Amino acid sequence: MVRRQRPDRDVISLLKAARKNQPRKVLRNVLAEYLPARLAEMLAQQTGCESTMADLSDEKIARIGETLTRWRVTPSGTEGYRTAEVTAGGIDTDELSSKTFETRTVPGLHFIGEVVDVTGWLGGYNFQWAWASGWCCGQAV
């Protein structure tokens, strides 16, 4: 089972702990405990580390930690709205009344459905959110 970790974890401490507790494990397998396996493999290749954790010096761990901490994802493109299934982002729910969907800053202004930053699984959950938030808002106005 892959354990997902918060992004604010100290990568260097994790790697040093792995070196101490799992010295025979290779970096990609250690990273795969925290990341999807293919991503862990790609990051291990990017750092040039295919050896066991026991073979990693403090300096090498620091370089790997720096590489992982500063790693950036750059989208190569999009297929556009034609194939989009869910959009993300929108009005922050903290800015809205949970009962009326009225904004806290502009009385009388309401937001519902996909313009609100709520994302559900595929399979009708987003439709259900749109309909339910609209119904709740409608009851309030």
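Throughout, read-outs are computed from the coordinates displayed, never taken from laboratory work. Just so we're clear, the structure is a prediction, and the values are computed from it rather than from any experiment. In this analysis, Cβ positions are derived from the backbone assuming ideal geometry, glycine residues included, and neighbour counts consider all displayed protein chains.
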Asserting the computed 222 nm helical MRE of the chain (DSSP H runs at least 4 long, -39500 (n - 2.57) per run, divided by residue count, to nearest 500) equals -12000 deg cm²/dmol
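Over the range 93-140, what is the relative contact order in percent, taking alpha-carbon pairs closer than 8 angstrom and at least six residues apart?
Details: 52 pairs, mean separation 18.1, N = 48.
Normalised by residue count, the contact order of the range 93-140 is 38 percent.
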When the chain is treated as a Gaussian network with springs between alpha carbons less than 10 Å apart, the largest mean-square fluctuation among Thr105, Thr47, Thr78 is found at Thr105
Proximal lysine pairs in the chain, meaning Cα under 17 Å and 8 or more positions apart or interchain, come to 4
Here FRET efficiency (C-beta to C-beta, Cys136 to Glu95, R₀ 22 Å, nearest 0.05) is 0.85
Between Thr103 and Asn21, the two model label points (7 Å from Cα along the beta-carbon direction) sit apart by a distance in nm of 4.8
For the pair Met42 and Arg72, the simple spin-label estimate (label points 7 Å beyond Cα toward Cβ) gives in nm 1.6
Net charge near Ala140 (other residues with Cβ under 10 Å of its Cβ; Lys, Arg +1; Asp, Glu -1) is 0
Quick calc: nm separation of the 7 Å Cα→Cβ label points for Thr119 and Ala62 -> 3.7
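Please identify the GluC sites (Glu not before Pro) of the range 23-121 that satisfy two criteria: DSSP loop assignment and at most 15 other Cβ atoms within 10 Å. Which are they?
The qualifying sites are Glu50, Glu79, Glu85.
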Of the range 24-57, those with amide N under 17 Å from the point 7 Å along the Cα→Cβ vector of Ser13 are 34
Filtering chymotrypsin sites (Phe, Trp or Tyr not before Pro) in the range 80-141 by DSSP loop and by at most 13 other Cβ atoms within 10 Å leaves Tyr81, Trp121
Here the Kirkwood hydrodynamic radius of the chain, Cα-based and in Å, equals 18.8
If exposed means trypsin sites (Lys or Arg not before Pro) lying in a DSSP loop and surrounded by at most 12 other beta carbons within 10 Å, then the longest stretch of the chain lacking such sites spans residues 25-71
Per GNM of the chain with C-alpha springs under 10 angstrom, the most fluctuating residue out of Pro107, Pro23, Pro75 is Pro107
